[in-house]
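The values are calculated or read from the model by the stated rules, or taken from the named source; none is laboratory data. Not measured: the values here are computed from a predicted model. All Cβ positions, glycine included, derive from the backbone under ideal geometry; neighbour counts span all protein chains shown. With ligands, DNA and RNA removed, areas are computed over all heavy atoms of the protein, side chains included. Shrake-Rupley method; radii C 1.70, N 1.55, O 1.52, S 1.80 Å.
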Amino acid sequence: MKFWDTGEETNTETFDYEVMKKKFIDNLNYLKTMSVEEQTLYKKWIEWNGDLVTNMKRLPVLQQHYDSLWKPTDIMNKELTISEINSLEPYVEIVDENPKEATRWTEIRKLIHTMEFQANPGRNVKCYVKDRVTGKILGQICLGSDITALGVRDQFIGWTKEDKFEKGKLNNTTIATTIVSTQPFGYNFLGGKLIAALATAPEIRNYWKQKYDNVLIGVGTTSLYGIHSQYNGIPHFKTLGESKGKISTKPDDFVYDPWHQWLKENRSEWYSKNITQERERNGANMGYERNGPVSGIKQKIIQAIYKELGIKSDAYDHGFQRGVYFAQMYENGNQFLCSKIEEKDLVLKEKFEKGTEYTMKWWKDKAVKRYEKLYEEGKIKPEVLFYINAIGLTWEQMKEMYLKEVGR
């Protein structure tokens, strides 16, 4: 594996403590110099260039995904484009769990989203949003096991640790780890708002109940760039505030992985104890096997490496505050989540009962108005955001080509 900035080889068979300590700290210092937008793009660059040989071999297959994306016939033809928007019939398609379909979904996700993709442990529901008329992809959704602690959300619900863990109510909410629209659909037609709204679709609620035997009460998500985001103004979601931003910056894998392995081998007692604790906590309360993946351990491992290297625990907190949003789908959902009523007493809100019908009535008018405004102001962006051209770029080339797209 390459040390990105120097071209220096990292020998994974030998571990020089002082050399690896310097590389770890140098990497964190490098990441600390970046804005949230630049760091987001940097992780995307590594996603496509960290295993360059494999991605180059996959190029023909990756390129084929381009044709599966929805695009207006001629975005500068106003009458035709408005007609095409009004003709759209979006629907949620839940992805088959077989490896081939999961791989295809992941590849498309990496190609159309600025943020790197990391599969979350535990529950995982991947979806496409497609147009029923053309069969083309409008966006993607991924829902996973909810975050165990999120201050403004827990305050909004009135949650206690007993509710979340001992009574298992964390199984009744989910975190949307991916909500992404294809481009130019997103920017020009408020496509991101549509995809977000459809994360609450009845198809998803029904699938969650069928697969996990838990009623899905609420869908949460966080924005990449603070409180001003695509989630504002969506009637399905309530803005709860911002996260504290007190999460340790994740170093690049080429420095993190060797230290992770070093902890396993040289601090085995600590490692085994903490892994076991997380598996017990997550396995018991998140509905998956106790020997399965661990959601909270990565931050603990990073903090353990910090302690080993004499780094203050908050020295590299990324400080990037995320907007926090929550779609509470039941009139009395918070009462259920706080164990005050039973499932049979739940009352679904009208907008979520109507589902896609309500969403489309709300979205289409706004989409057309957004397009017309951009058209009159000469601000239409016709480009298709598709990261296949990132493969083989240097970091400087990546910034020049794509940095302006981050946060679009």
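Would a scan of the range 177-199 turn up a residue that is without any contact (Cβ under 8 Å) to a residue 24 or more places away in the chain, open to solvent by 10 Å² or more (accessible area, probe 1.4 Å) and part of a helix (DSSP H, G or I)? No - not one qualifying residue is present in the range 177-199. Return yes or no: is Glu97 under 19 Å from the mean Cα position of the chain (by Cα) and in a loop (DSSP other than H, G, I, E, B)? Spelling it out, Glu97 is indeed under 19 Å from the mean Cα position of the chain (by Cα) and in a loop (DSSP other than H, G, I, E, B). Considering the range 264-312, the residues that are modelled with pLDDT of 80 or more and among the polar types (S, T, N, Q) include one that is nearest to Thr221 (Cα to Cα), namely Gln303. Residues considered: Arg153, Arg205. Of these, the only one that is basic (Lys, Arg), open to solvent by less than 20 Å² (accessible area, probe 1.4 Å) and either assigned to a loop (DSSP other than H, G, I, E, B) or farther than 30 Å from Glu377 by Cα (or both) is Arg153. Out of the residues in the range 12-25 meeting the condition of being among the charged types (D, E, K, R) and either touching an Asp or Glu at 6+ places or on another chain (Cβ under 6 Å) or free of Cβ contacts under 8 Å to residues at least 40 places away in the same chain (or both), tell me which one is least open to solvent (accessible area, probe 1.4 Å). Looking at residues that are among the charged types (D, E, K, R) and either touching an Asp or Glu at 6+ places or on another chain (Cβ under 6 Å) or free of Cβ contacts under 8 Å to residues at least 40 places away in the same chain (or both), I get Asp16.
Within the range 218-225, is even one residue assigned to a helix (DSSP H, G or I) and open to solvent by less than 10 Å² (accessible area, probe 1.4 Å)? No, the conditions are met nowhere in the range 218-225. Within the range 27-65, the set of residues being without any contact (Cβ under 8 Å) to a residue 24 or more places away in the chain and assigned to a helix (DSSP H, G or I) comprises Asn29, Val53, Thr54, Lys57, Pro60, Gln64. Candidates are the residues of the range 14-33 that are over 27 Å from the mean Cα position of the chain (by Cα) and among the basic types (Lys, Arg); the one that is farthest from Ile311 (Cα to Cα) is Lys23.
Here's the yes/no breakdown for (1) touching a Ser or Thr at 6+ places or on another chain (Cβ under 9 Å); (2) closer than 28 Å to Glu38 by Cα; (3) at pLDDT 95 or above:
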residue	(1), (2), (3)
Glu107	no, yes, yes
Lys110	no, yes, yes
Ala119	yes, yes, no
Val133	yes, no, yes
Trp159	no, no, yes
Lys169	yes, no, yes
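Scanning the range 66-89 for residues that are assigned to a helix (DSSP H, G or I), open to solvent by 40 Å² or more (accessible area, probe 1.4 Å), within 17 Å of Gln140 (Cα to Cα) and in contact (Cβ under 8 Å) with a residue 24 or more places away in the chain turns up just one, Tyr66.
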